[in-house]
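Asker: Quick one: this structure, given as structure tokens, is what I'll be asking you about.
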Amino acid sequence: MHNPVQKPASEPLQAKSTFCLTIGDPTGIGPEITAKFLQQATLQTSHHSLIIFGDIPNLIQTAEQLGLELPEGPQFRYENLQTLGSPLKAPGQIAYESIEAAVAEIHQRKAQALITGPISKEHLQASGIPFSGHTEILQQLARSYYQHPYQSDMLFLYRQFRMLLLTRHVPLRKVSETLSIKGVARSLDNLASFFRNQCGINSPRLCILGVNPHAGELEGEEEERILKPALKLISEKYGFGIEPPVAADAAFRHFHVDRLPYDAYVAAYHDQGLIPFKMVAGLNAVNVTIGLPFLRTSVSHGTAPDIAGQGIADPGSLIEAYQTAVRLSRPLETSLAPEHLDALVP
């Protein structure tokens, strides 16, 4: 097959229909699910263009091992971030540089949105990259490129089931000290802005899960001290009512994904939200970073090094991430930056 690495760079693609795709960590399943997605991408992307960032020689080798053909043509551009020679770049460095290059492309208005494959926190740290994941990396890059103090948040989507996390990868014992009125209000502000800009919903129905058992009815004070004041700020700003925190164990009673009483659920910590979400969504879940000046969607799983190279990785989440990016995309002129809440938060 023709080698995409040797293909000359194409002319700048039209921003209204171009998406950046990062392969992710080259030692995980990122190359395999990317190759599988790209095999059917000519059907998936008939009206859109893709720029693929990462270790392209590794992607080519993976595709050949799987007996797949990487697509070529004017709507596909391959940007190799691996050194063509020795020494080779470390996996964490390639993953980070791929994300940075993709954000630069979006900032230059050569692309509209970002779709990301999985990366390894361990490999990031081994390469001296001081971030725990995509959400933190993208927040820093957005602040640097756009000169604005963005706060990024993790929103998970599956059909009409949406789950926002107020804290991310922090130990359970640190959840309470990580939560603050200002931080929660900004996360909810990002969510309200997402609904207005991406979904056309001006008054979303939100279910806030309590931090403590029975939402603090028996013991615990985070609901009264942090959650309720933050909810009040957002309710006053946007003019729609938000119910008080709900007991997390009762929130999903009689749950049916096609008959949801809320537009989004808001979890206080990682496992509180993602256990029920992933039980329902499985590999069809999509991770969306909100609060940025551009759209980013991602797979909802990790690098899965235990099955890398075996040809059994499921590209379903990457396909869903691409389809979600297409569905949610808006013209670049539309600002997704929420108004600052600093003046509102004591």
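The values are calculated or read from the model by the stated rules, or taken from the named source; none is laboratory data. Keep in mind that this is a model prediction, so the values were computed, not measured. Reconstructed Cβ throughout: ideal geometry from the backbone, glycine too, with neighbour counts over all protein chains shown.
Asker: So which pairs qualify, if the first residue must be in the stretch 196-216 and closer than 14 Å to Ala264 by Cβ, the second must be aromatic (Phe, Trp, Tyr), the Cβ gap must be under 6 Å, and the two must be at least 6 apart or on different chains?
Answerer: Final answer for the pair search is Ile201/Phe195; Ser203/Phe240; Pro204/Phe195; Arg205/Tyr262; Cys207/Tyr262; Cys207/Tyr265.
Asker: Then there's this: Scanning for something out of contact with any helix residue (DSSP H, G or I) (no Cβ under 7 Å at 6 or more places or on another chain), modelled with pLDDT of 95 or more, farther than 17 Å from Ile33 by Cα and not in a helix (DSSP H, G or I), does the stretch 55-74 turn up at least one residue?
Answerer: Scanning the stretch 55-74, I find no residue that is out of contact with any helix residue (DSSP H, G or I) (no Cβ under 7 Å at 6 or more places or on another chain), modelled with pLDDT of 95 or more, farther than 17 Å from Ile33 by Cα and not in a helix (DSSP H, G or I), so the answer is no.
Asker: Among (1) farther than 21 Å from Glu105 by Cα; (2) touching a Gly at 6+ places or on another chain (Cβ under 6 Å); (3) of a type in the set (Gly, Ala, Ser), where does Gly24 come up short?
Answerer: (1)
Asker: From the set of residues in the stretch 47-90 that are of a type in the set (Val, Ile, Thr) and in contact with a strand residue (DSSP E or B) (Cβ under 8 Å, 6 or more places away or on another chain), which is surrounded by the most Cβ atoms within 10 Å (Cβ to Cβ)?
Answerer: Applying the filter and picking the extreme gives Ile52.
Let's see how each residue does on (1) modelled with pLDDT of 95 or more; (2) in the same structural domain as Ser98 (by TED's automatic domain parsing); (3) on the phi > 0 side of the Ramachandran plot; (4) touching a His at 6+ places or on another chain (Cβ under 6 Å):
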position: Ser132; (1), (2), (3), (4): no, yes, no, yes
position: Met163; (1), (2), (3), (4): yes, no, no, no
position: Leu166; (1), (2), (3), (4): yes, no, no, no
position: Leu172; (1), (2), (3), (4): no, no, no, no
position: Val175; (1), (2), (3), (4): no, no, no, no
position: Asn190; (1), (2), (3), (4): yes, no, no, no
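Asker: Give me the residue from the stretch 128-171 that is surrounded by 19 or more Cβ atoms within 10 Å (Cβ to Cβ) and of a type in the set (Ser, Thr, Tyr) and, out of that set, nearest to Pro261 (Cα to Cα).
Answerer: Filtering the stretch 128-171 for residues that are surrounded by 19 or more Cβ atoms within 10 Å (Cβ to Cβ) and of a type in the set (Ser, Thr, Tyr), the one nearest to Pro261 (Cα to Cα) comes out as Tyr158.
Asker: What number of residues within the stretch 292-345 are within 20 Å of Gly200 (Cα to Cα), of a type in the set (S, T, N, Q) and modelled with pLDDT under 95?
Answerer: Number satisfying all stated conditions: 5.
Asker: Return only the number of the condition from (1) among the small types (Gly, Ala, Ser); (2) within 24 Å of Pro276 (Cβ to Cβ); (3) out of contact with any strand residue (DSSP E or B) (no Cβ under 8 Å at 6 or more places or on another chain) that Ala104 does not satisfy.
Answerer: Among (1) among the small types (Gly, Ala, Ser); (2) within 24 Å of Pro276 (Cβ to Cβ); (3) out of contact with any strand residue (DSSP E or B) (no Cβ under 8 Å at 6 or more places or on another chain), Ala104 violates only (2).
Asker: With in contact (Cβ under 8 Å) with a residue 12 or more places away in the chain and under 27 Å from Ser176 (Cβ atoms) as the only criterion, which of Thr289, Thr303 stands out?
Answerer: After applying the criteria, what remains is Thr289.
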